[in-house]
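Everything on this sheet refers to the single structure shown next.
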């Protein structure tokens, strides 16, 4: 039996374990990336390990999230990251160079290599044939120190693409169709491997759009083969020597198989407030639009924005619409400026933002009260835009541009002939905003501003754990709920005490105050608890507030890992009906916790109801020991040898 592409890359990087779905494996990491929202904490954790130099083939620190400098905080974080990068052997991508995933795809991604990033959309580089995985900052710090990355061996889902896309239908519509079918938790525990005749019709930027939003499926990552289209892209980037042909064997086996008929796809749209709430654009056409935002790591490539410029050329944005566009990288921005497309965008009435995440993460451009905002982004979670009453829809650049012109949700097929954009034979290459590290890091002084505070470190697990249920929540609680990440809070990503006043406020405004008054306790959630961003602040801030455990029906992969890394127990109900047997205010007790953890079944005593509730922790022996040690940092120090 042949091997699929995922098995080939994992086998080539396997440090320990067996490639059987559900078993723990450890893989060698070739590259890492961080961004400034999660990077400050990752580098503080790396420093705490006492390792003098990163041990990866390449590590890059990007500045793309916290670029709005309304005070000193963001600039201080950037200075810290730049100096720590200089000292420890990390390349530094300055503000203005672009969004981490777009730039990494363009300038650093290598087919067949592994990439670990402290951002949930790291799988973007799967579009170039990398095994690219998002993780918490502490996992990335360990990888930078030369440690392997541990994960549960995922199932591999074969996504077979048949046919080719019709005019006005895009790669965004492919991933929206996958989300429509599988839901935001349909990819949990899986890697999505794309193949089939339809793949050859997709450029690397189009493939990257699909792998980027694989994160919204809850998938570990997504990947495309490395073929002649990959070679074409790398050649145009002046990096053809990085190309390696990679594909699954013809007789490869898979755990699951789905088929997407590209010929039958139509323009799609994700309605509020979830990326899987997908319908055809024509079904809701005519809804008035107030704002259109084009960009983000999903749809900000040269190819995307050239199509937008082609649609807008000679037209004017509707009087009621605010159109903002964020180019994905300096490379994209410069090429648009040089070929005249930027002038077409500006002339049509678009407001051009800097090459950064911007509105996607709520960093500016919050919509008006009760506004309808169409975005080419990857998430439309409730309140993520910065306006709680706004309705955010996710669309392709083609739908976004057409809707901006007409002032209402518009099926772009009514515009006639679709703009055609060819892959450039050569991209504009100027890496002058990527700063290499110092050859001798010992001479570099790391600069820390007053906003950079120590991060919380847990204590070893106590024999008895007790506390009240501070909050009971439903399904699909996101990391945006747990630790909001808007323009007002992003400057404090390195200040956990400040952030603690905002933890879970979108769910219950009284939570931070009650958690502090009671000295912590437990949280209860439904299915897919912690979906969304990789931000480990959603675990570090609850740790600071004294949260001892989260009991849920199921967890999102990265958030569960971040809870374990922080020493917080992520417990799931043996019988989901027991969810109804815990209420806010109940006092829970776990006795003989260490032995219970080792057994895999943890009995929780609910004092209020005088009943026992069975929960489970289905993780490896190593992760049990991480929890017993009080988190990954303590465990790593104990096992440094």
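Against the 2.2 N^0.38 Å scaling, with N counting residues, where does the chain land? I'd like the Cα-based Rg ratio to two decimal places.
Normalised by 2.2 N^0.38 Å, the Cα Rg of the chain equals 0.92.
Run lengths n ≥ 4 of DSSP H only: what is the helix-derived mean residue ellipticity at 222 nm for the chain, with -39500 (n - 2.57) per run over all residues, to the nearest 500?
Numbers: 20 runs with 180 residues, N = 641.
My calculation for the chain gives -8000 deg cm²/dmol from helical runs alone.
Per the Kirkwood formula on distinct C-alpha pairs, the Rh of region 1-146 is how many angstrom?
Numbers: mean 1/r = 0.0638 Å⁻¹.
Hydrodynamic radius (Kirkwood, Cα pairs) of region 1-146 is 15.7 Å.
Averaging sequence separations of C-alpha pairs under 8 Å and six or more residues apart, then dividing by the length of the chain, give the relative contact order as a whole percent.
Numbers: 1641 pairs, mean separation 92.2, N = 641.
Reported as a whole number, the value is 14 percent.
So what are the radius of gyration and Dmax for the Cα set of region 500-573, in Å?
In order Rg, Dmax, the Cα atoms of region 500-573 give 11.3, 31 Å.
Would you mind telling me the antiparallel percentage of the DSSP bridges in region 465-638, rounded to 5?
50
With no solvent and one point on each alpha carbon, what is the Debye value of log10 I(q)/I(0) for region 279-318 at q = 0.22 Å⁻¹?
Log10 of I(q)/I(0), two decimals: -0.98.
What ranking of 273, 420 emerges when the number of other C-beta atoms within 10 Å of each C-beta is taken as an exposure proxy, fewest first? Mind dumping the intermediate values first?
Values: 273 18, 420 9.
Ranked by crowding around the Cβ, least crowded first: 420, 273.
Over all distinct alpha-carbon pairs, what is the Kirkwood Rh of region 5-264 in angstrom?
Final number for the Kirkwood radius of region 5-264 is 18.6 Å.
When the C-alpha atoms of region 465-638 are aligned to their principal axes, what extent does each axis show, in angstrom, from largest down?
Principal-axis extents of the Cα atoms in region 465-638, largest first: 43, 37, 27 Å.
Evaluate E = 1/(1 + (r/R0)^6) for residue 23 and residue 346, where r is the Cβ-Cβ distance and R0 equals 56 Å; express this FRET efficiency to the nearest 0.05.
0.55
Translational D (Stokes-Einstein, µm²/s) of region 368-416 at 4 °C and 1.567 mPa s when Rh comes from the Kirkwood sum over C-alpha pairs?
Result for D is 114 µm²/s.
Using the Kirkwood formula over every pair of different C-alpha atoms, what hydrodynamic radius in Å results for region 70-185?
17.1
Throw me the Rg/Rh for region 364-445, computed over C-alpha atoms with Kirkwood Rh, two decimals.
Rounded to two decimals, Rg/Rh equals 1.22.
For residue 232 paired with residue 516, estimate the spin-label separation in nm (one decimal), with each label point 7 Å from Cα along the Cα-to-Cβ line.
5.8
If you line up the Cα atoms of region 268-413 on their principal axes, what length do they span on each, largest first, in Å?
Principal extents (Cα only, largest first): 38, 29, 25 Å.
If neighbour count is taken as other Cβ atoms inside 10 Å, put 68, 627 in order from fewest to most. Can you show the working numbers first?
Numbers: 68 15, 627 27.
Final ranking by Cβ density, sparse to dense: 68, 627.
Which parts of region 342-378 would a label at residue 422 reach, counting a residue when its backbone N lies under 20 Å from a point 7 Å out along Cα-to-Cβ?
Answer for this model: 342.
As a test, work out the antiparallel percent of DSSP beta bridges whose residues both lie in the chain, rounded to the nearest 5.
35
If r is the Cβ-Cβ distance from residue 249 to residue 16 and R0 is 25 Å, what FRET efficiency results, to the nearest 0.05?
Efficiency computed from Cβ-Cβ geometry: 0.55.
Semi-axes, largest first, in whole Å: what does sqrt of 5 times each Cα gyration tensor eigenvalue give for region 122-189?
For region 122-189, the semi-axes come out at 30, 14, 11 Å.
Please compute the volume of the convex hull spanned by the alpha-carbon atoms of region 1-61 and report it per residue in Å³.
Cα convex hull per residue, to the nearest whole number: 133 Å³.
The numbers here are math on the coordinates, done by the rules we state, and not lab data. Everything numeric here is computed off the predicted structure, so don't read it as measured data. Note that each Cβ is placed from the backbone with ideal geometry, even for glycine, and that neighbours are counted across all protein chains shown.
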